[in-house]
1. Report the semi-axes of the equivalent ellipsoid for the range 12-177 in whole Å, largest first, where each axis is √(5λ) for an eigenvalue λ of the Cα gyration tensor.
2. Run the numbers for Val106 and Lys241: contour at 0.36 nm per residue of separation, minus the present Cα-Cα distance, in nm.
3. For Leu143, what is the net charge nearby, where nearby means another residue's Cβ is under 12 Å from its Cβ and Lys, Arg count +1, Asp, Glu -1?
4. Kirkwood Rh over Cα pairs of the range 229-388 into Stokes-Einstein at 25 °C, 0.890 mPa s: D in µm²/s?
5. Set Lys and Arg Cβ to +1 and Asp and Glu Cβ to -1, take the dipole of the range 130-180 about its Cα centre, and tell me which of Gln147, Gly157, Ala131 lies farthest positive.
6. Going by how many other beta carbons lie within 10 Å of each one, how would you line up Lys51, Lys213, Lys337, fewest first?
7. Return the distance in nm (one decimal) between the two label points of a simple spin-label model at Val99 and Arg138, each offset 7 Å from Cα along Cα→Cβ.
8. Between Glu266 and Gln55, what is the FRET efficiency for a Förster distance of 56 Å, r being their Cβ-Cβ separation, to the nearest 0.05?
Amino acid sequence: MSSHSKPALISSRHFQPGQRALVRIDADLELDKNGQLVDDWRLKAALPTLKLLSQADQQLTLITHLGRPNGRRMADLRLLPIARRLTALLTGYSRPRIVRHQPEAVESPIFETQYQLCQNIRLLENLRFDASEEANERGLARLLTEQVDYFVNESFGTAHRQSVSTSGVAGLVPSYLGLRFAEELAHLNLLKEGSSQRRPHLLIIGGAKLPEKLGLLPELAKLADRILLGGVVANVFLEAKGEDIGRSVSDPDYLPLAKKLLADPEFAAKLSLPTDYQIEDDRIVDLGPRTIQQYIEAINEAGLVFWAGSLGICEQPSSAVGSQALARALADAKAIKLIGGGDTATDLARFKLLDKMDYVSTGGGAALTYLANQPLPAYQALSTQPAT
């Protein structure tokens, strides 16, 4: 592969029987209070690539992270629930063989526990137990690649992060896009390339991750004919307009940007903010009934809808009314329905409406970054690897 070429999609022509592959998957999923998986949609997204390689007699080492242990070993963030579910998806059984090593016998915490899912697939321990992962230190990248023949990135959800497992290992061995990673880009291009046959384009943006949402909104707005806001993102705009939001979560650092956007006639013409809200303890926790109805009407008029971010506190049924009502309307709508992964996908799974969407991205932040024409370090690393 030449420098700065387009990343190659993994296929059978890239390997020989018996070769060893390092595969980065995205298993950062929600666990309940008993440490059990709430859903497994991200694991299922990786199955086509895993089955392609496994059925071709490849030896697979899977790597992923779970939560934010920040370089510490944390019992409640070990990957046993992930290993059990992956084993069940791949084999029909749910008991992986666990191989443990003493800390002094291995060079990184991620090698201390290894989960043998089936004869030719093993899963290493949580990548973020080693602080080198997020620091993108080359030593860990060399450790991960020293006994493999090639690398496959099947973790679109972390493509906007620069770490050992997303960009550090790429180029140390031949490296390829996973099937789902490539599929993500193709579906997002429906919005990014602005098909006139699916107008109007509607963006629904909520949640609390302001750098990934509000920070990218000026670029995202160029793709949209109309924008509906909820969650903390909406709170910032309401505060910028001078409305009293009480003790609701906001961020003064983003008020200047919100005020600037509100003063832009082209942006303001596309924007819809909540006109009523559900209040608890002097905090906005959900959309009000009038706003819900207005937003449903916008969904019904749209040709393509992209939704990223919860519109209320969806872990609590009483403040998930807005998100659930819009999800039901979207499920019945004729528009193309694209979901920006993360919490939005978890909400839809909770509402049992995930399968009613046309496409669910495995990464909200990565999807928004790509749509806003910002670089994806993991994709760039695959594009600039040395010749092989």
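1. Numbers: eigenvalues 90, 78, 47 Å².
Each semi-axis is the square root of five times an eigenvalue, giving 21, 20, 15 Å.
2. Values: separation 135, 0.36 × 135 = 48.60 nm, distance 5.62 nm.
Between Val106 and Lys241, full extension yields an extra 43.0 nm.
3. Taking every Cβ under 12 Å from that of Leu143, the sum is -3.
4. Working: Rh = 17.1 Å.
Using the Kirkwood radius from Cα pairs, D works out to 144 µm²/s.
5. Result: Gly157, furthest along the dipole toward the positive end.
6. In increasing order of surrounding Cβ atoms, one gets Lys51, Lys337, Lys213.
7. Calculated label separation equals 2.9 nm.
8. Values: r = 52 Å, r/R0 = 0.92.
So, using R0 = 56 Å, E works out to roughly 0.60.
Values quoted throughout were computed directly from the atomic coordinates according to the rules given, and no laboratory measurement underlies them. Just so you know, these numbers come straight off a predicted model, no measurement behind them. Methodologically, a virtual Cβ is constructed for each residue, glycine included, from the backbone with ideal geometry; neighbour enumeration extends over all protein chains shown.
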